[in-house]
1. Given the whole protein assembly as supplied and a 1.4 Å probe, what does the accessible area of B:Val108 come to in Å², nearest 10?
2. Under 19 Å Cα-Cα from A:Lys118, which lysines qualify once same-chain neighbours fewer than 8 residues away are excluded?
3. Out of all DSSP beta bridges in chain D, what portion is antiparallel? Express it as a percent rounded to 5.
4. Which Cβ of chain B lies nearest the axis of the rotation superposing B onto D, and at what whole-Å distance?
5. Output the antiparallel fraction of DSSP beta bridges having both residues in the protein assembly as shown, as a percent to the nearest 5.
6. Ignoring ligands, DNA and RNA, what percent of the 1.4 Å accessible area of the range A:134-262 is carbon and sulfur?
7. Mean residue ellipticity at 222 nm from the helices of the protein assembly as shown, using -39,500 (n - 2.57) per DSSP H segment of n ≥ 4 over the full residue count, to the nearest 500 deg cm²/dmol?
8. Sorted from shortest, what are the nm distances separating the label point of A:Gln97 from equivalent points in the other copies, each placed 7 Å from Cα along Cα to C-beta?
4 protein chains.
Amino acid sequence: MRFGAGIWLFGQFVDRYATDAYGPPVSTVEAIEAAGRVGDVEVLDINYPFTEGVTVDEVRDALAANGISAWCITPHIYTRDFQAGAFTNPDPRVRAQALALCEEAVQVAKQLGAPTVKLWPGQDGFDLPMQVDYREVWRLALEGVSTVAAMDDDVRVAIEYKTKEPRMHMSWSTAARTLVGITQMGREDIGIVMDLGHSLFAKEAPADALHLVNDHGRLFTVEVNDNWREWDDDQPVGSIHLIETLEFFLALRQIEWDQPILLDQFPFREDPVEAARSSINTMKAIDAAIDRIDMAQLADIHERQDPLAAHRLVTELLLGQAPVA
Amino acid sequence: MRFGAGIWLFGQFVDRYATDAYGPPVSTVEAIEAAGRVGDVEVLDINYPFTEGVTVDEVRDALAANGISAWCITPHIYTRDFQAGAFTNPDPRVRAQALALCEEAVQVAKQLGAPTVKLWPGQDGFDLPMQVDYREVWRLALEGVSTVAAMDDDVRVAIEYKTKEPRMHMSWSTAARTLVGITQMGREDIGIVMDLGHSLFAKEAPADALHLVNDHGRLFTVEVNDNWREWDDDQPVGSIHLIETLEFFLALRQIEWDQPILLDQFPFREDPVEAARSSINTMKAIDAAIDRIDMAQLADIHERQDPLAAHRLVTELLLGQAPVA
Amino acid sequence: MRFGAGIWLFGQFVDRYATDAYGPPVSTVEAIEAAGRVGDVEVLDINYPFTEGVTVDEVRDALAANGISAWCITPHIYTRDFQAGAFTNPDPRVRAQALALCEEAVQVAKQLGAPTVKLWPGQDGFDLPMQVDYREVWRLALEGVSTVAAMDDDVRVAIEYKTKEPRMHMSWSTAARTLVGITQMGREDIGIVMDLGHSLFAKEAPADALHLVNDHGRLFTVEVNDNWREWDDDQPVGSIHLIETLEFFLALRQIEWDQPILLDQFPFREDPVEAARSSINTMKAIDAAIDRIDMAQLADIHERQDPLAAHRLVTELLLGQAPVA
Amino acid sequence: MRFGAGIWLFGQFVDRYATDAYGPPVSTVEAIEAAGRVGDVEVLDINYPFTEGVTVDEVRDALAANGISAWCITPHIYTRDFQAGAFTNPDPRVRAQALALCEEAVQVAKQLGAPTVKLWPGQDGFDLPMQVDYREVWRLALEGVSTVAAMDDDVRVAIEYKTKEPRMHMSWSTAARTLVGITQMGREDIGIVMDLGHSLFAKEAPADALHLVNDHGRLFTVEVNDNWREWDDDQPVGSIHLIETLEFFLALRQIEWDQPILLDQFPFREDPVEAARSSINTMKAIDAAIDRIDMAQLADIHERQDPLAAHRLVTELLLGQAPVA
């Protein structure tokens, strides 16, 4: 197992109530240093623009000093300027501004050696019934992503889907919807960020969605966390839905995923380094647990689609042998 | 507007608690007669096998006597024999049995002049984590539908998606997932039943899903009802989510849908004929309301994606002009 | 740990799609015999009326022959006659019929030595907005339960709350709502069935709800199962939400619950005896896991309300020590 | 109908993504002036502390200049200092700090003539399973509110319940849970803010919850908005769930509510004055619609609990008479 993180894990958190933020400001460089302290973080997904005054060279140096590579560059296309949408904004000037920011992100990706620009158009979509022409919003969503993908032959684009937040209904909502859009765009260099938490939130079976995306050749990167399935709570891995999390990591092994697995956590009230370590500790323990699964037994369960045998396998794996009655 | 219904609306209802059923048994012929009494039902989606002892000729006669056409034949691939799945059943003999039943349904469709066999594989999917090999279940789901589609050149197949019930996770779960599968199958004669209630239940924006399916050339038939968005309650049209229902019918007008719109209701505790009439009454009133929408104004709202203007348009349409302050 | 079950676990299942039932009919006596085969079932919650033709004496004999006691008698106040409500039915004759059936259940409880009549008014509530006068429905709900409680000094009444199904909105919906109603009724002999699955379904924290009910002196009986949190799926214990299930059993230990814990499962597609054993096996394993919790450590976590320490405790408990990096 | 608003409607919005805020900073005085521009806002629920540098005298003057009264003072017990809880914080010093802030809010309420201090302990609760001792958290929640209520005989306390956000599970979660707590506290001066949106979010029937709270003598104040029922979206009144909104206003009329109805909106992407006007316009239109309801007809529907008649009544009210077929 190889690990990474979204850099936001180590940043400053704010929400609409704690408007004075959950902690002090954190610069991009400080966040990289915090990531370095975790001890197992090989790669980072880095937001662009960086915090004020930080240069690409400073970021490159900080990454090198901490033994970390840039994995994705994720442009901030969901801040104030893009509140009414980035690619789907009704104003063509704002759409152009979003594309210009993505263009910069592509350049930064090349400068930092990151293979991927991640697009998370969190403001693209709609809020109320009757507000939008759905066909036009979808057309704009496709046009925006396609345009970014065409910017550079060496940088590929990964779409991170989520059903909502901050927009109440997001255009790129589920694994399947994103696959539909990717097929419509018809480019090979557009793929998907499979985020375990977003998949739980979308009420998907995450292991199922992972396979579907991978079988379509569109699994570009993987993020992990947990939530209460009704919001993107971004909690530690395996802290709520342990069984489905285990199944998701089993699926990653089945597809022989050998690239980093990135943490997507928002430790609002916790120390971020400890929060990252807690998730990594659990992932290692899950990995060890998967080693203990009798794969022939599992294959037999799957052959018969036997729910009770699956229940007993999970019970034995996570709770050990029950005492004889 | 043209109307139809799923024949089950007029049948006997049972659930896991009222095991003595909500009412007396109803034969297929009696159900057709009840549909005839509604007064506006042009077409029926008819379950096959019919109730015990009823022949195709009797059904044809009953339809003719009531001025009703067969719109879909829907095989019962979710009854006892198929409790562990029809197309995705782990037992190849059960899968063959499901296909044989579908073959009969195709023949009945031809005999009754119905253009479509509807497939609703309500038992296909899984119940628990770790129970199934998701790739294999999906492969079987595709194989089953493809096989039915290949049975006859004149009868097309429409898939009715739903996220769950009776299976806790159904394979054909959302509009987008179904489109993904249809693309994988690569046949022109497989389309989608756009069921307003199933779309609400899947937390889709139904008008958005309708356009997406239609723009892919896969809108084969339309069903309508309402629910509380957390279960397939099959309640009267517009009884809970009136605004989104209105938006769905507006989308039907935009795509110039001129085929029947079928009721998919389960009036457990009500008279079915009255329940159907209540929905049809509401649909006619919605249609008249749509006539009153200033389409230039709506286009302007959509151009600007303006939620407050959308809110005011809906307020004026449904509540009339508020008194001047 | 002592175990019991709702007798329905061993009965015949039907739903609105598999109207030919998931299996053959099972008489009350046969269901008791199946319960006996599980091996750990001490008590049963028994539906009344029994299946056709079965007498109280036969039930008493079957229980004795299988070493099982009657724990609750649960009248069928949710079948056809009560489809529009039992205690809240708009027709006073139906309300009287419901009370008469409860009166019989009270008598049967005395004859079988069951201390409790369980009331699960699954049809009491409403389906659509604007359908009911909420105050009147609530008044009727309270009146019905109070009347049953007053029937006999030796038999107490336990209310099983659930948010919905079969009624789309049930009057006794959550632990807190039920406590409010119990306070309004002002009787000491009315308590609550704490059903783990119904609590998950209501989006409660089940351990929290258990303590709240117990601290009000209203915890009369306990039922367990698991579900996907959006429907009462009645699946094996700990098969989906293992961590919260563990926490619920920890809470049972904290309150020193020494009475039976009853299975509330619907093994639609499985062998019921095996389904019951699978849950009991998991509960024993959970019990053994709780023995391994360092209670001083847990107290410290709770003193600090430390989510990461809770995460690590659960990880270590369920996944074992992760390998050193 | 009399109207008011939460002052936050006119303030600056930020969330965890648009960390540069959706608009410029707005001082408390500027927000009052914006409220004044709406034209129908009689009262305000005012957050305390005010924005930096604003004094009580300045607030009093601004209110007077805009013809607005102070309705509630709502202390900011959910900002950075209280991120791990206000009344339920594990640290007694933070709990004391929260109470000190509430004491100031009580004094400000008296100075501004506001009858009520509103408590919305948005950080009180927990995030993960196994994190807290639920009994202790509930004890602290009760202790905190009781202590504030005891601070002054002339200022009463209203609890605003919400199921979650920002805390993932909030202690004061539903109407019924809050009533249970109020009963436990045993004081007459503690009541409830009935927030239509929070009630929808909690999957309550809002009109039912309103009556329940009012019948317990605990309806202290009313807030309104709409949402998608899975998050507290704080959208314009009646923009999504129009039928249930209408039913809620009907319930307000039934209980003869003659006090202001306060907007609780977060117009992230809209002009706040226009957003407020849009809701007020809809509420006036709803009020006019309620005038058109035949109350004898409604009483008859309720007497029979007739869902189809309710459906027809709503159809006629909102869509007008459908054309004769």
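1. Its accessible surface works out to 10 Å², give or take rounding.
2. A:Lys110, A:Lys162, A:Lys164
3. 10 percent
4. B:Leu318, 2
5. Percent antiparallel among DSSP bridges in the protein assembly as shown is about 10.
6. 41 percent
7. Computed ellipticity for the protein assembly as shown at 222 nm equals -14000 deg cm²/dmol.
8. The projected label point of A:Gln97 is separated from its counterparts by 3.6, 6.3, 6.7 nm.
The values are calculated or read from the model by the stated rules, or taken from the named source; none is laboratory data. This structure is a prediction, so every number in the text was calculated from the model and none was measured. Methodologically, a virtual Cβ is constructed for each residue, glycine included, from the backbone with ideal geometry; neighbour enumeration extends over all protein chains shown. The protein model used for the area step is the full one, side chains on, heavy atoms only, and it has no ligands, DNA or RNA in it. Shrake-Rupley method; radii C 1.70, N 1.55, O 1.52, S 1.80 Å.
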